[in-house]
Amino acid sequence: SGALARVFRGNPKLKAQKSMNFDTSLEWYFQPTGMLSVALFKKSIKDFIYKGVTRESRPPIIVALYQNLNGADQDITGTELTWAQALPMLPGPFSGLGFSVNATFIAGESEFPTLNVTTGATGKRTEDFVPSQPKRVYNAQIYWEKYNITARVAVNYIDEFVREVGGLAGQVTNNDATRWDAQLSYKVTRHLTVFVDAKNLTREGKRWYDSTPNRPEELEYSGWNGAAGVRFRF
């Protein structure tokens, strides 16, 4: 057999991914100001894009052509639970408190064509995930709104998810991450508001690995970032 050469190229015939979405929800609103909801959803995705490989024999070498390809169809199902609650029944300044919590659970399956670039053997590989789609996402927020002041603290958790499949990488996976954000604003007049925002207060990094969890492919420390300013509404 000849030597193996790797070539990366674009794919002008690549189709855009398309999704048909279906969802239904049950919502319950109750006094004084609260809401519970349960939502079920389904996504039918066609022509999802993954990094694939094809093989060409060009003696005396074998060429492995890596490019983005369209894969098989996918089905995603999920459940979203939400509880939002203001607490005006509390005494004094505490009556401005409120909170919201949200949890999303997602299930899906993907089928990928496989190719051994050395032997030319083809096959299929089925995985219990959908690329770029975490299986669990949690959000929680507590806020206080009173005397023209609004203060919020929020936390977001994203489960680990596969971000890329195929090509030279076997399976690139993003690690799970928890991020905290905060916001404070004061309504000076009916039209004028001053604010301060801060994101990623705990300086959560970004980390992903290729197939082996204890061997990260990349690790980013972006730190926290903030903004302050004035909003004016006509």
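The values are calculated or read from the model by the stated rules, or taken from the named source; none is laboratory data. Source: prediction; values computed, not measured. Positions of Cβ are generated from backbone atoms using ideal geometry, with glycine treated the same way; all protein chains shown enter the neighbour counts. Just the protein is used for accessible areas: all its heavy atoms, side chains included, with ligands, DNA and RNA removed. Shrake-Rupley method; radii C 1.70, N 1.55, O 1.52, S 1.80 Å.
Listed here are the residues, each with its yes/no results for (1) outside any strand (DSSP E or B); (2) in contact with a Lys or Arg (Cβ under 9 Å, 6 or more places away or on another chain); (3) under 21 Å from Ala227 (Cα atoms).
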position: Val117; (1), (2), (3): yes, yes, no
position: Gly123; (1), (2), (3): no, no, no
position: Ile142; (1), (2), (3): no, yes, yes
position: Ala151; (1), (2), (3): no, no, yes
position: Val162; (1), (2), (3): no, no, no
position: Thr173; (1), (2), (3): no, yes, no
position: Arg190; (1), (2), (3): yes, yes, no
position: Thr193; (1), (2), (3): no, yes, yes
position: Arg203; (1), (2), (3): yes, no, yes
Across region 192-211, the tally of residues that are modelled with pLDDT under 90 and either open to solvent by 50 Å² or more (accessible area, probe 1.4 Å) or more than 30 Å from Lys51 (Cβ to Cβ) (or both) stands at 3
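Looking only at residues that are in a strand (DSSP E or B) and not charged (D, E, K, R) in region 175-188, which one is farthest from Thr212 (Cα to Cα)? Outline the logic, then answer.
Taking region 175-188 first, the residues in a strand (DSSP E or B) are 177-187.
Adding the requirement that they be not charged (D, E, K, R) leaves 177-178, 180, 182-186.
On the way: Ala177: 18, Thr178: 21, Trp180: 28, Ala182: 35, Gln183: 38, Leu184: 41, Ser185: 44, Tyr186: 48 Å.
Among them, the one singled out is Tyr186.
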Note on region 213-234: residues open to solvent by less than 50 Å² (accessible area, probe 1.4 Å) and part of a loop (DSSP other than H, G, I, E, B) are Gly223
Restricted to region 1-34 and to residues being open to solvent by 60 Å² or more (accessible area, probe 1.4 Å), in a loop (DSSP other than H, G, I, E, B) and not aliphatic (A, V, I, L, M), the residue farthest from Ala84 (Cα to Cα) is Ser1
Listed by first then second residue, the pairs whose first member lies in region 31-56 and is at pLDDT 95 or above, whose partner is of a type in the set (Val, Ile, Thr) and surrounded by 15 or more Cβ atoms within 10 Å (Cβ to Cβ), with beta carbons under 7 Å and at least 6 positions apart or on separate chains, are Ser37/Thr82
Output for Cβ contacts, cut-off 8 Å, separation at least six or different chains, first residue free of Cβ contacts under 8 Å to residues at least 24 places away in the same chain in region 1-23, second among the β-branched types (Val, Ile, Thr), reads none
